[in-house]
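To start, the structure itself, in structure tokens.
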Amino acid sequence: MEQVDFLVVGAGIAGLSAANCLSRLGSVVVVTKEELAESNTAYAQGGIAVAMGGDEDVALHLEDTMSAGDGLVNREAAAMLVEQGPQRVEELLAWGTKFDRENGELMRTREGAHSLPRILHANGDATGKEIAVSLLRHVREVDSIELMEWTTGVDLLVENGRVTGATLLDGEGGVRVVRAKAVLLASGGAGQVYSDTTNPAVATGDGIAMAYRAGAEVSDMEFYQFHPTAFSAPGAPRFLMSEALRGEGAYLVNAKGERFMERYHRLLELAPRDVVARAITREGMDGEVYLDMRHVKKDLQARFPGISRFLAQYRLDLGRDLIPVRPAAHYMMGGVRTDVHGRTSLPGLYAAGEVACTGVHGANRLASNSLLEGLVFGVLAAEAVIADGNERKVDGQRADGDLAVDRAASGGSSVTGEAATERWIAELRSLMWKYAGLLRDAEGLRQAQRGLDALAVTMPRGIFRRALEARNLHVVAGLIVTSALGREESRGAHYRNDFPERNTVARHSAMRAGELTFVS
Ligand code: SIN
């Protein structure tokens, strides 16, 4: 058993920002499942939305965030995001983050549902990577922060209703018990719950599942954002074709070569993401949908070097070819329910970034608000940890988390072996894509529920990473399906074919210990 002051699970933008802040008060351990560079943060292409242009810009950023969220945004959270964003980005600049500039001025681009160009980018389309590298460079210099790679969170330790640490699986397969005054989840999203996703393999919803098993409340799990434009070619990865392509003028065209967005939204290709994703799905029923930049007179290779390199493998060029695209799972708006300071429903447990649900995105996140969310709420959650004192005495008792490890180790009729585990996971992901994806209805969601019940019988068990991930994906899938069935309306990213209208009363879903409720 090890003892630290603060345990941070996840080393993306939220985790590193939080760790940096917490290190002022004590020892911090940051754990991450793979190398430090492998997080959703590092894959973010388009950029970071931030209102650096003064009060009017801040007010407009707030209104854009509110309207993208389709009536369900927590205004207090959104105000904190847009008001504190500029200060946090100034810190990044001071730590050496190099955003792209023109004549010395920060370059700003526009993306869907933004009323102004306010997205900063770095190295063209590698913004997340640049931020991750500069944050890492900064925290590596802090003595009180220990960065632990190849370490997977297994379960939270809970004593007398309070989170007191976590069990972890290290790279050699050993289980470690780490006690902490507070645990901060910053473990990112869960795109791997769907067969088609832009997310890296690490995005298996571990933090949400750990928190839920420990008894924390989760919220808005039916709101999963599908990015409209992931690359679409047989056998190719669902590589993100950044929204910034449309920000720089790309059209969407259908198999007949016609632009179609005028039939769906007045903002055309820059409509909110959920609208564009559904439009592409509908048009895609009659053939491929493409991004078309052939009319854009810019050096597209220089503006989008990463995307251009990827496309070159398929002999495609942004300036010359139509690029086939279709939606893919991208971002979880729901998550562990927190207040605007990252406090969850369990004392001792905090959450920030994609794993958390402050309500800042409502039913649909505004493009490029996610890096800003990690940055702002990572710091706010760390400040709450500090403000709350968290002076718990460690008494060495066995805690619930230890028992959860034992339970996970027991066999039953579970599948065993690497190949069977991968097949089990693939089945879950296809089931979710087919029945709980972009367009839903009660019949399909019930089919998903039955499929998940059947998969529960053969769930891979044991203390190895893929079995733990399988277990976590199953929890997250169940939460999405139950919440999606319960929300009998269409709002933002949640579209029910059988309930196509929006209810007049906006309420958040909340799940705890198998119970679904709706709260304002
Ligand atoms: C993109 O570049 O389109 C992704 C940015 C985001 O998800 O906000």
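Of note:
- Answer residue from segment 30-47, given it is away from the ligand (no atom under 16 Å from the Cβ) and in contact with a Ser or Thr (Cβ under 9 Å, 6 or more places away or on another chain) and is nearest to residue 7 (Cα to Cα) among those: 31
- Counting the residues of segment 150-194 that are within 16 Å of the chain's Cα centre (by Cα) and surrounded by fewer than 24 Cβ atoms within 10 Å (Cβ to Cβ) gives 1.
- Considering segment 345-363, the residues that are more than 12 Å from the chain's Cα centre (by Cα) and either without any contact (Cβ under 8 Å) to a residue 60 or more places away in the chain or farther than 15 Å from residue 22 by Cα (or both) include one that is farthest from the ligand (Cβ to nearest atom), namely 347.
- A single entry from 219, 232, 242 fulfils the requirement of being among the hydroxyl-bearing types (Ser, Thr, Tyr) and within 11 Å of the ligand (Cβ to nearest atom): 242.
- In segment 48-56, the condition of being assigned to a helix (DSSP H, G or I), within 16 Å of the ligand (Cβ to nearest atom), in contact with a strand residue (DSSP E or B) (Cβ under 8 Å, 6 or more places away or on another chain) and closer than 16 Å to residue 372 by Cβ is met by no residue.
- Residue 65 meets each of the listed conditions (1) away from the ligand (no atom under 16 Å from the Cβ); (2) modelled with pLDDT of 95 or more apart from (1).
- Members of segment 101-144 that are small (Gly, Ala, Ser), assigned to a loop (DSSP other than H, G, I, E, B) and in contact (Cβ under 8 Å) with a residue 24 or more places away in the chain: 112, 113, 115, 122, 124, 126, 144
- Enumeration of residues in segment 245-258 that are part of a loop (DSSP other than H, G, I, E, B) and within 13 Å of the ligand (Cβ to nearest atom): 248, 250
- Some residue of segment 141-164 being at pLDDT 95 or above and within 16 Å of the ligand (Cβ to nearest atom): no
- Looking only at segment 444-459, and only at residues there that are touching a residue at least 24 places away in the same chain (Cβ under 8 Å) and loosely packed, with under 14 Cβ neighbours inside 10 Å, the one that is nearest to residue 493 (Cα to Cα): 446
- Looking only at residues in segment 15-36 that are touching a Leu at 6+ places or on another chain (Cβ under 8 Å) and part of a loop (DSSP other than H, G, I, E, B), the one that is surrounded by the fewest Cβ atoms within 10 Å (Cβ to Cβ) is 36.
- Residue match in segment 490-503 (condition: at pLDDT below 95 and under 28 Å from residue 283 (Cα atoms)): yes
- Scan of segment 364-390 for residues that are part of a loop (DSSP other than H, G, I, E, B), small (Gly, Ala, Ser) and within 16 Å of the ligand (Cβ to nearest atom), ordered by number: 367, 368
- Among residues of segment 298-309 that are within 13 Å of residue 123 (Cβ to Cβ) and assigned to a loop (DSSP other than H, G, I, E, B), those with a Cβ under 9 angstrom from a residue that is modelled with pLDDT under 95 and hydrophobic (A, V, I, L, M, F, W, C), sequence gap 6+ or separate chain, pair up as 304/244.
The values are calculated or read from the model by the stated rules, or taken from the named source; none is laboratory data. Everything quoted here is computed from the prediction, not taken from an experiment. Note that we place each Cβ from the backbone using ideal geometry, even for glycine, and neighbour counts take in every protein chain shown.
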